[in-house]
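Undergrad: The structure follows.
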Amino acid sequence: MKDVDKKNEGEELGVMARRRFMNSAALAGLSIGAIACTDKAATGAAGPAASSAAVAHGGGGGAVHLKPGELDTYYGLWSGGHTGDMRVLGLPSGREITRIPCFVPDALVGWGITNESKKVMGTKADGSLKYTVADTHHTHASYKDGNYDGRYAWINDKINSRIARIRLDYFVCDKITELPNVQGFHGIFPDKADPVDPKINYTTRVFCGAEFSIPLPNTVGTEDGTKYHSLFTCVDAESMEVRWQVLIDGNCDLTATSYDGKLAATNQYNTEMGVHYEDMMSAERDACLFFNIARIEEAVKAGKFKTYGDSKVPVVDGTRESNKDAKTALTAYVSVPKNPHGVNASPDAKYFICAGKLSPTGTVIELAKVLEYFEGKLESPDKAIVAEVELGLGPLHTAFDGRGNAYTTLFLDSQVVKWNVEAAIKFHAGDKSAKYVVDRLDVQYQPGHLNASQSETRAADGKILAVGCKFSKDRFLPVGPLHPENEQLIDISGEKMVLLADHPVRGEPHDFIIFKRDLLKPKQVYALDDFPLAIKDPKETGVFRNGKKVTVKITSQAPAFSLREFKLKKGDEVTLILTNLDKIEDLTHGFAIPKYNVNFIVNPLETASVSFIADKPGVFWCYCTHFCHALHLEMRTRMIVEA
Ligand code: RUQ
Ligand code: CUA
Ligand code: CA
């Protein structure tokens, strides 16, 4: 705690000392990280004291502990990390309510087992899944009028450059698109309006940034990195087809969009286009790259594009060389210090903020000025920078409270710094009396993402802030070498931040959004007609044979399946369709076939199907795997495969 106070008083001294440290340590990120970790272990004791204070003052952000039966105020949509799914939390309690499988098979719901989910996930010619690993980072939801409209959320898979869409009415993934021409798809953000048509005040595009550069087309292994490229991609929010891509200099990292739909941006840490890390950090400044959406779409319409390899996707030229004339430029490269990380739009719609990562600064870019640049009224896009202020070591991501304050994670300092954006702008303009740093709070430890309630909308409410700490060290009972990450919840309703809670989480979840629960109206029972294969009446069930091709139709109604047994012949090519005719909320059944690697569920009025070859003769008890009734154990049917 003392450490924190000192920093508040001696802001300038601290910054100078830290700056020296950054330079002398030659910015070898890993070793700096290790030092900072050990340092912070000692101050970790501040945690428990801070949380009891929060409970005592009642915490404007609300107490973390909800009484049994009480519901949370906010939904949290969380990236699941390597489990390739989306976690849904209730906040402020931090209770995990569900997980929505997307990129990786899931044994509970049968994701990657049923034909319906395999179709979404993508299969090879032999019907097996194309990919079974994923690395999800970022999740954001669809907008209307600058707030979430509860239609969709999107999440990225960095490993295989896939974008998944989640329907927020049923909380299911309904489409996955693999991006062409790119590797390391990282940043993702939906637009919030159309750049041209004011009637379209909702999301129709999703922008995707590719972090790695590769040869185009990537068909021959070549070492010469100067020939590699990175692209920025636009995906249609409804069809999930790739609309267009922009060839750029440097790389993409995270993505942000303006509230008027006119601009999207990505921070670039590798403007050097290095292939080794020392090359990637050799320049003092990199960039925040802006895209003029209307102009890009005009260029596509006018046929000013190329295609690469098998891909039909139009690729326009957004490189520096081809975009020197501001009045026709598709892109603008705003210079930002040293390997910036994170670009975030402020809820007043005025600014994008880039965090410096290897520079202890935050850069505030005024969007109105970026638009002026595109009109030829500003000599350089760099003139759109209205503040570049010292925040602390290793700034990564920024959230907002809707009261003019920004909250930035400091990875190396293991802190969240609260700073006032307008004060920072005054300070930058020369008013050295402007105190922009409002508060600092130690977090445990090494924070990456953070997000505040409603922070990414015009309705930012400044109540709670979640912080994804990459290291938990001593915060939980030891469980062997793999430590969980530590997600912390902070009350930001007052002047000072107050730590409320720690939650262990399996790595590597990254990003999340938090929004008011009344923005969603989820449905809890399907409609039979949602599924083309639905079996509407138990009388329609049975075994239907067409040579070797066999369709088994079954319905479930607690505590029985419509067929008490069904007979197959060895070698049959079977498709089994199951409709759950129970139509009351929370009455889910499961269906497992031993030795056939089949297990899936059907929710109320849901239909799912599986296909397999009946290659093993014998008797197989297909049983309900989801506890549904006092006779749940008795809820079975026999699959009899004759030799
Ligand atoms: S980016 S910390 Cu994918 Cu920051 Cu996660
Ligand atoms: Cu049906 Cu358990
Ligand atoms: Ca760099």
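The values are calculated or read from the model by the stated rules, or taken from the named source; none is laboratory data. It should be emphasised that the depicted structure is a prediction, and the values quoted were computed from it without experimental measurement. Note that we place each Cβ from the backbone using ideal geometry, even for glycine, and neighbour counts take in every protein chain shown. Just so you know, the surface numbers come from the protein's heavy atoms only, side chains and all, with ligands and any DNA or RNA stripped out. Shrake-Rupley method; radii C 1.70, N 1.55, O 1.52, S 1.80 Å.
Undergrad: For the stretch 183-269, state what percent of all Cα-Cα pairs lands in each successive 10 Å bin, counting from 0 Å until the bin that includes the largest distance.
TA: 18, 44, 26, 9, 2
Undergrad: Okay, moving on. How far apart, in nm, are two points set 7 Å out from the Cα along the Cα-to-Cβ line at LEU533 and at LYS432?
TA: 7.2
Undergrad: Sorted from largest down, give the three principal axis spans of the alpha carbons of the chain, whole angstrom values.
TA: 84, 64, 48
Undergrad: In what order, largest first, do THR555, THR575 sit by accessible area if the probe radius is 1.4 Å?
TA: Result, largest first: THR575, THR555.
Undergrad: Which of the peptides 343-349, 266-272 is most tightly packed, and how do the rest follow, going by the mean number of other Cβ atoms within 10 Å of each residue? Before the final figure, lay out the partial values.
TA: Numbers: 343-349: 22.7, 266-272: 25.7.
The most tightly packed comes first, giving 266-272, 343-349.
Undergrad: Separate question: With label points built 7 Å along Cα→Cβ from the Cα atoms of SER311 and HIS82, find their separation and express it in nm.
TA: The two pseudo-label positions are separated by 2.8 nm.
Undergrad: How much area per residue is accessible in the stretch 532-635 when the probe is 1.4 Å and only protein heavy atoms are counted (Å²)? The partial results should precede the final answer.
TA: Working: 5240 Å² over 104 residues.
For the stretch 532-635, the solvent-accessible area averages 50 Å² per residue.
Undergrad: For LYS548, give me every one of the lysines with a C-alpha distance below 16 angstrom, ignoring sequence neighbours fewer than eight places off in its own chain.
TA: LYS567, LYS569, LYS570, LYS616
Undergrad: Sketch the reach of a paramagnetic label on LYS130 as a point 7 Å from Cα along Cα-to-Cβ, and name the residues of the stretch 83-119 whose backbone nitrogen lies under 17 Å away.
TA: Correct set: 102-105, 112-113, 115-119.
Undergrad: LYS338: which lysines have alpha carbons under 21 Å from its alpha carbon, excluding same-chain residues fewer than 8 sequence positions away?
TA: LYS357, LYS383
Undergrad: Another one. With each run of n ≥ 4 DSSP H residues scored as -39500 (n - 2.57), what mean residue ellipticity at 222 nm is computed for the chain after dividing by its residue count and rounding to the nearest 500 deg cm²/dmol?
TA: Values: 9 runs with 85 residues, N = 643.
Using -39500 (n - 2.57) per qualifying helix, the result is -4000 deg cm²/dmol.
Undergrad: Follow-up question, since we're still on this one. Given the stretch 465-566, report the % of alpha carbon pairs whose separation exceeds 19 Å.
TA: Details: 3549 of 5151 pairs.
That tail contains 69 percent of the Cα-Cα pairs.
Undergrad: Of all accessible surface on the chain at a 1.4 Å probe, what whole percent is carbon and sulfur? If you can, show how the numbers build up before the last one.
TA: Working: 14950 of 27100 Å².
Solvent-exposed carbon and sulfur of the chain make up 55 percent of the total.
Undergrad: Another one. Averaged across orientations, what area in nm² does the convex hull of the alpha carbons in the stretch 135-279 project?
TA: 8.8
Undergrad: Is there a quick way to get the dipole size of the stretch 490-643? I mean about its Cα centre, with the Cβ of Lys and Arg at +1 and of Asp and Glu at -1; what is the value in debye to the nearest 20?
TA: Rounded to the nearest 20 debye, it is 840 debye.
Undergrad: Something else now. Measure of size requested: the Rg and Dmax of the stretch 254-384, with Cα atoms as the atom set and Å as the unit; please supply both.
TA: Expressed in Å, the Cα Rg and Dmax of the stretch 254-384 come to 15.1, 43.
Undergrad: I need the calculated FRET efficiency for the pair GLU642 and THR123, taking r as the beta carbon distance and R₀ as 25 Å, to the nearest 0.05. Write down the numbers at each step before the final one.
TA: Numbers: r = 29 Å, r/R0 = 1.17.
That gives a FRET efficiency of 0.30.
Undergrad: If you don't mind, there's one more thing I want to ask. Using all alpha carbons of the stretch 143-185, what is the percent of pairwise distances in each 5 Å bin, ordered from the shortest bin to the longest?
TA: Percent of Cα pairs in each bin: 6, 22, 23, 18, 15, 12, 3.
Undergrad: So what does the Cα-only Debye profile of the stretch 535-643 read at q = 0.14 Å⁻¹, as log10 I(q)/I(0), no solvent term?
TA: -0.49
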